[in-house]
Amino acid sequence: MSAAGFWDDQEKAQNTVGRLRALKTLLKPFDEMTADLADVDLMMELDDDELSAEIPEKLKCLEEHLEQLETKALLNGPYDGNAAIVTINARDGGTDANDWAAMLFRMYSLWAKANGYDLELVDWQENEEAGINSCGFVVRGPAAYGYLRGESGMHRLVRISPFNSEAKRMTSFAAVDVTPEIDDSIKIEIRDEDVREDTMRASGAGGQHVNKTSSAVRLTHLPTNTVVYCQMERSQHKNRAMAWKMLRARMIRAEEEKRELAMAEKYKNMAKVGFGSQIRNYFLHPDQRVKDSRTGFQMGNFHQVLDGDIQGFLDSFLRWRVKED
């Protein structure tokens, strides 16, 4: 990082800085654990009754820290250290589904903020009545994709609908898709003739400019019917660059899903793997709880989860994935 010209290529430099941050998240707690273990050894050598009484609690803390480190060590996939491109789409459930999609965006935003991640909004399609039709954003920070990749799939909400005059219980769905942000050093072949580009006026937030010029860019990969959309930048050039990055990420994720499905077939677990499956249930009625249908991990405080406390779900998926493999 101190080399001359390091910052000349901003994207490459930021990737290096990101790798450094990711390594520090492992090395710093490991060094702290090593020091704590040395303290315990010293306490045992001194043979002091008062110090000896503290040893069980010290060891308990060390075990907890070790478990956290072991979970972080599971972030060893080829793209786990990358930033995460996340898209959320409202599915079945009418206006409740649109509201649910917006609630999920808030949940991930609060998780990112609490953990020191940067979040960049690249797409925001509001619904006329409430909530959103879809949104897209990038989460940047240590192992962002590694942690969030398990969020891909269908998220199901059960609650008394605030949009139903008869206060009926409603079930609504939102689909989450997570792909790794990749740089130009990762090669994937996409033929220009296989991609249709459409430009249009942006429809989301962004001031007076967004509705005056055709700055929004939509790319469609014709062979797979994969569609990506970017509109949040003022420049069409920047939106196009981000859209291509998103499309390349989708193609790489598709290859990962093929491998996951092959592994799932081996273990007869296809329903639990891949985008489109119902991965988590959020209940606000008749009782409050959130349960992951793959790992079995659950929390009894619905609002705590929606306020961004999802780390337990992310960690449990990492451990579950290793068992499935």
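The values are calculated or read from the model by the stated rules, or taken from the named source; none is laboratory data. From a predicted model like this one, the values you see are computed outputs, not experimental measurements. Neighbour counts are summed over all protein chains in view; Cβ atoms, including those assigned to glycine, are modelled from backbone coordinates with ideal geometry.
State all residues of segment 285-319 that are aromatic (Phe, Trp, Tyr) and either surrounded by fewer than 17 Cβ atoms within 10 Å (Cβ to Cβ) or more than 16 Å from Arg156 (Cα to Cα) (or both); if no residue qualifies, say none.
Residue satisfying the conditions is Phe317 alone.
Which of the numbered conditions does Asp47 fail, given that it passes all the others? Conditions: (1) closer than 24 Å to Ala73 by Cα; (2) at pLDDT below 85; (3) more than 28 Å from the chain's Cα centre (by Cα).
Failing condition for Asp47: (1).
Does any residue of segment 203-215 turn out to be surrounded by 12 or more Cβ atoms within 10 Å (Cβ to Cβ) and at pLDDT 75 or above?
Looking through segment 203-215, at least one residue is surrounded by 12 or more Cβ atoms within 10 Å (Cβ to Cβ) and at pLDDT 75 or above.
Of all residues in segment 92-114 being on the phi < 0 side of the Ramachandran plot and surrounded by fewer than 17 Cβ atoms within 10 Å (Cβ to Cβ), which is modelled with the lowest pLDDT?
Asp92
Any residue that is buried (at least 20 other Cβ atoms within 10 Å of the Cβ) and either closer than 24 Å to Gly312 by Cα or touching a Cys at 6+ places or on another chain (Cβ under 8 Å) (or both) - is there at least one of those in segment 160-171?
The answer is no, given that none of the residues of segment 160-171 is buried (at least 20 other Cβ atoms within 10 Å of the Cβ) and either closer than 24 Å to Gly312 by Cα or touching a Cys at 6+ places or on another chain (Cβ under 8 Å) (or both).
How many residues are under 13 Å from Gly141 (Cβ atoms) and either without any contact (Cβ under 8 Å) to a residue 40 or more places away in the chain or not in a helix (DSSP H, G or I) (or both) if we restrict to segment 6-22?
Residues meeting the conditions: 3.
Is it fair to say Glu193 is modelled with pLDDT of 75 or more, farther than 27 Å from Arg140 by Cβ and among the charged types (D, E, K, R)?
yes
Here's the yes/no breakdown for (1) touching a Leu at 6+ places or on another chain (Cβ under 6 Å); (2) closer than 30 Å to Val138 by Cα:
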site: Thr25; (1), (2): no, yes
site: Glu50; (1), (2): no, no
site: Lys60; (1), (2): no, no
site: Glu70; (1), (2): no, yes
site: Ala84; (1), (2): yes, yes
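Starting from residues that are of a type in the set (A, V, I, L, M, F, W, C) and under 22 Å from Lys291 (Cβ atoms), keep the ones in segment 146-170 and report whichever is nearest to the chain's Cα centre (by Cα).
Leu148
Among the residues of segment 271-294, write down those that are of a type in the set (Ser, Thr, Tyr) and at pLDDT 95 or above.
Hit for segment 271-294 is Tyr282, nothing else.
Does Ala90 count as closer than 23 Å to Ala249 by Cβ and in contact (Cβ under 8 Å) with a residue 40 or more places away in the chain?
Here the answer is yes, as Ala90 does meet what is asked.
Taking segment 224-259 as the region of interest, how many residues are within 22 Å of Glu189 (Cβ to Cβ) and touching a Lys or Arg at 6+ places or on another chain (Cβ under 9 Å)?
Residues in segment 224-259 being within 22 Å of Glu189 (Cβ to Cβ) and touching a Lys or Arg at 6+ places or on another chain (Cβ under 9 Å): 8 in total.
I'm trying to understand the selection: among the residues of segment 37-76, which are under 30 Å from Lys245 (Cβ atoms) and touching an Asp or Glu at 6+ places or on another chain (Cβ under 8 Å)?
Answer for segment 37-76, where residues must be under 30 Å from Lys245 (Cβ atoms) and touching an Asp or Glu at 6+ places or on another chain (Cβ under 8 Å): just Thr71.
Would you be able to say whether some residue in segment 224-240 is modelled with pLDDT under 80, outside any strand (DSSP E or B), under 23 Å from Gln125 (Cβ atoms) and in contact with a Gly (Cβ under 8 Å, 6 or more places away or on another chain)?
Yes - at least one qualifying residue is present in segment 224-240.
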